[in-house]
Amino acid sequence: PLVTGTVVLELAADRPALRISMRLTAAADITLRYLRGPWLRVGEGEGSFGSSKDDALLPGVDWAVGQEWTSGSDNFRDPWALRCAPHPHQVSVPVMAVSAGGWAVGLSWSPTAEATGWFSLPRHVAQPVLASPNFIDRMPHHLLGLMLPSAAHGEQNAVGIDAAGPGLELHLHQQIALDAECVVLPGRSLDVLVDHVRCTGLPEPQWRWPAQEALDRIAAAYAGHLFHAGRGFGVGQTDGDVNARVPAFLDGYLERAGAQTPTSGTASELDAVHARLRSHVAWCRSQPEGPPSARSSESIDALLEAQRPDGTFAFDPNGRHYRKDDVLVARDLVEPMGLEGDTALDLCVVPALRLLEEHQVSGRADCAEAAARALDACARWTRPEGGDYWETPLHAPNLLAAGHAAVAHEVGRRVLGVERFGERAVWWLRSMLAFTHLWEPAATPMLYDTKPCLCSSDWYFANWVRDHVQWEVLEVFALSRRHGIDWAAVDPEIDWTRFHEGVTSAAVRWLLDSSDRSWLPHNLPDTRKRYEDGGFDLCLPDTHSTLTGLYGGMAIAPDAVAVNLLGVLERREAISTRRLDPPDRRQPTGPLR
């Protein structure tokens, strides 16, 4: 034998879980193309469900529903479409699942536990493998597996004896350890992910600066280089991104300013910042209002007219949904990212929320009735889709759609008194977990970084399995704050207070520093000189790579970061004064940590 050892299976006493422990030893010097660890064939056997499924999920990488294949080309062009064994850093939560007939099977593991290594050779961690249906073994069931080598030291998606790359070099008596946990639960794949998070708890956020100091730093940037005399606030990176609109956080920040103890700089320095900001705000408010955005200018009557009899809203890429040319370019050069007349979750919940807001202001009953029909129509979806329709496939799994749906359904519950909308709000809120990094490798900070969607832009431009984007999750919580939603109270089974602090602390880690070469404005090379001179300091970069740890893309104004920092501070103060109960921070026992 070339590899010997033992496999121990242990049933958990307190939950429907099977712990799997493999301890192997190499009996020779050999290079393996691959070594299978736990290799679950779900749906195999006479009388089982075979290759049919409700859905399959590998967080941060893939989320297929119905007859879709994982690693399918629905939302990617080849070769990006193949992602059955991705780089481990791309997996946002170390759990995978498949569901069918109201039951779900999941496999979890520790993404940082060393599986094997030898002196100066690379240390390997477990490599996740998901194939639904099992196209790897060419069998009519589903595969949830762990293997070696890790794609971090070789080729992604290399599974099998014909795989290229260096393989796994083993030496006589080299030790191999692979551990996992299998669970079987009622529900869908998302329920397995939620169970994993409930059992392991959410990680502690890591703050680059204390929240108040981070807020003061952003305010100082708006008092300084993010204000342009005679023009207004903005980054100044592209035409039109400087205007007289007052950033959303400033009024609340200045109201708090007199009551806060400075945490960075001296009191006089902060007083000077506050004085400049008040002057800038006064100047902006003295200017005539600019034209409203295309989305906000659409009349309520036009919105009601656009709703179809079944309650949905149709995709109109040439009209009301036109945002940029990417949709047209993809249609003409590759294939459409969405068909005119189709619909998706985000296309329905965004107008539903606007109709609910109008009903609250004007009392229009037709708006309330239309919003209810739109939200009822959304019951057909279990996966969030459509939030980045202006540059990504319409039916790709999407975080922004999840967040918009959570807010719209919770507002619908409150305004219309329909409790089923509240249940759907919790489902859509929890679906954001699938896009959020809840672990990080030692050398690449990415805790609470988020994927915007699991697809590629324009079929070819940006790979949103490889890259993070933070502004979308910030927008979701800013929208929640505007509607007075405390998610920790809505869904107490998950510590959403910690989650919110986590995604906000991640955004603070992202904030640009021109002395740090981990970010460069590669989208607009002509702005590099301004970046190097500090003109974009404290702005939010557009993207972060899970593979290199580098930031890039456009520089985004940090207004949304500041709004979320205000929300974090306000909740902390409400808890400290007992206006809110503190979250339950007990760390439960459960799967591998």
- Taking region 323-342 only, how many residues are closer than 19 Å to Phe461 by Cβ, surrounded by 13 or more Cβ atoms within 10 Å (Cβ to Cβ) and touching a residue at least 24 places away in the same chain (Cβ under 8 Å)? 7
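Got at least one residue in region 419-436 being assigned to a loop (DSSP other than H, G, I, E, B), touching a Pro at 6+ places or on another chain (Cβ under 6 Å), under 22 Å from Trp109 (Cα atoms) and in contact (Cβ under 8 Å) with a residue 24 or more places away in the chain? Outline the logic, then answer.
If we filter region 419-436 for residues that are assigned to a loop (DSSP other than H, G, I, E, B), which is where we start, we get none.
No.
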- Taking the residues in region 43-102 that are out of contact with any helix residue (DSSP H, G or I) (no Cβ under 7 Å at 6 or more places or on another chain) and of a type in the set (Val, Ile, Thr) as candidates, determine which candidate is most open to solvent (accessible area, probe 1.4 Å). Val65
- Task: Report whether or not Leu170 is in contact (Cβ under 8 Å) with a residue 12 or more places away in the chain, surrounded by 15 or more Cβ atoms within 10 Å (Cβ to Cβ), over 20 Å from Ala64 (Cα atoms) and not β-branched (Val, Ile, Thr).
- Result: yes
- Message: If the requirement is being over 30 Å from Arg256 (Cβ atoms), free of Cβ contacts under 8 Å to residues at least 24 places away in the same chain and surrounded by 16 or more Cβ atoms within 10 Å (Cβ to Cβ), which of these qualifies: Gly154, Gly165?
- Response: Gly154
- Count of residues meeting criterion [farther than 14 Å from His544 by Cβ and of a type in the set (Val, Ile, Thr)] in region 449-479: 1
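Residue check: is Ala406 at pLDDT 95 or above, more than 26 Å from the chain's Cα centre (by Cα) and either open to solvent by less than 20 Å² (accessible area, probe 1.4 Å) or of a type in the set (D, E, K, R) (or both)?
Working: at pLDDT 95 or above: yes; more than 26 Å from the chain's Cα centre (by Cα): no; either open to solvent by less than 20 Å² (accessible area, probe 1.4 Å) or of a type in the set (D, E, K, R) (or both): yes.
For Ala406, the condition - at pLDDT 95 or above, more than 26 Å from the chain's Cα centre (by Cα) and either open to solvent by less than 20 Å² (accessible area, probe 1.4 Å) or of a type in the set (D, E, K, R) (or both) - is not met.
Scan Arg517, Arg482 and give me the residue that is under 21 Å from the mean Cα position of the chain (by Cα), surrounded by fewer than 19 Cβ atoms within 10 Å (Cβ to Cβ) and of a type outside the set (A, V, I, L, M). Give the derivation first.
On the way: Arg517 fails: under 21 Å from the mean Cα position of the chain (by Cα).
After ruling out the rest, the residue left standing is Arg482.
Being free of Cβ contacts under 8 Å to residues at least 40 places away in the same chain and under 17 Å from Pro38 (Cβ atoms) is the requirement here; does Val98 meet it?
No, not satisfied.
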- Message: Looking at region 540-555, can you tell me whether even one residue there is assigned to a loop (DSSP other than H, G, I, E, B) and farther than 29 Å from Pro441 by Cβ?
- Response: no
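Can you tell me which residue in region 523-547 is nearest to the chain's Cα centre (by Cα), limited to those that are free of Cβ contacts under 8 Å to residues at least 60 places away in the same chain and open to solvent by 20 Å² or more (accessible area, probe 1.4 Å)? Step through it out loud before you land on a result.
Of the residues in region 523-547, the ones free of Cβ contacts under 8 Å to residues at least 60 places away in the same chain are 523, 525-526, 528-529, 531-533, 541.
Going one step further and asking which of them are open to solvent by 20 Å² or more (accessible area, probe 1.4 Å), we end up with 523, 525-526, 528-529, 532-533.
Details: Asn523: 22, Pro525: 28, Asp526: 30, Arg528: 28, Lys529: 31, Glu532: 30, Asp533: 32 Å.
Among them, the one singled out is Asn523.
Does any residue of region 196-203 turn out to be part of a helix (DSSP H, G or I), basic (Lys, Arg) and closer than 25 Å to Arg383 by Cα? If you could, list the steps in order and put the result at the bottom.
Applying the first criterion (part of a helix (DSSP H, G or I)) to region 196-203 yields 196-200.
Remaining after also requiring basic (Lys, Arg): 198.
From what's left, closer than 25 Å to Arg383 by Cα: 198.
Within region 196-203, one or more residues are part of a helix (DSSP H, G or I), basic (Lys, Arg) and closer than 25 Å to Arg383 by Cα.
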- Message: Show me the strands (runs of 3 or more DSSP E) entirely contained within region 81-136 in which 2 or more residues are at pLDDT 95 or above, over 24 Å from Met446 (Cβ atoms) and under 22 Å from the mean Cα position of the chain (by Cα).
- Response: 95-100
- Any residue in region 13-28 that's without any contact (Cβ under 8 Å) to a residue 60 or more places away in the chain and of a type in the set (Ser, Thr, Tyr): show its pairings with residues that are loosely packed, with under 15 Cβ neighbours inside 10 Å and not in a strand (DSSP E or B) at Cβ separation under 9 Å, as long as the two are six or more apart or on different chains. none
- Here the residues within region 53-80 that are hydrophobic (A, V, I, L, M, F, W, C) and not in a loop (DSSP other than H, G, I, E, B) are Ala56, Leu57, Leu58, Trp63, Ala64, Val65
- Which one of the conditions (1) assigned to a helix (DSSP H, G or I); (2) among the β-branched types (Val, Ile, Thr); (3) surrounded by fewer than 24 Cβ atoms within 10 Å (Cβ to Cβ) does Thr382 fail to meet, given that it meets all the rest? (1)
- Task: Considering only residues that are in a loop (DSSP other than H, G, I, E, B) and crowded, with 16+ Cβ neighbours inside 10 Å, look in region 173-194 and name the one that is nearest to the chain's Cα centre (by Cα).
- Result: Arg188
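State whether the residues of region 575-592 include one that is of a type in the set (A, V, I, L, M), under 25 Å from Gly252 (Cα atoms) and open to solvent by less than 30 Å² (accessible area, probe 1.4 Å).
No - not one qualifying residue is present in region 575-592.
Residue-by-condition table, conditions (1) surrounded by fewer than 20 Cβ atoms within 10 Å (Cβ to Cβ); (2) over 24 Å from Phe76 (Cβ atoms); (3) of a type outside the set (A, V, I, L, M):
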site	(1), (2), (3)
Glu423	yes, yes, yes
Met432	no, no, no
Phe435	no, no, yes
Asp491	yes, yes, yes
- Would you be able to tell me the number of residues in region 305-317 that are more than 21 Å from Arg380 (Cα to Cα) and surrounded by 14 or more Cβ atoms within 10 Å (Cβ to Cβ)? 1
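The values are calculated or read from the model by the stated rules, or taken from the named source; none is laboratory data. Keep in mind that this is a model prediction, so the values were computed, not measured. We place every Cβ from the backbone using ideal geometry, glycine too, and count neighbours over all the protein chains shown. SASA here: full protein model, heavy atoms, side chains in, ligands and nucleic acids out. Shrake-Rupley method; radii C 1.70, N 1.55, O 1.52, S 1.80 Å.
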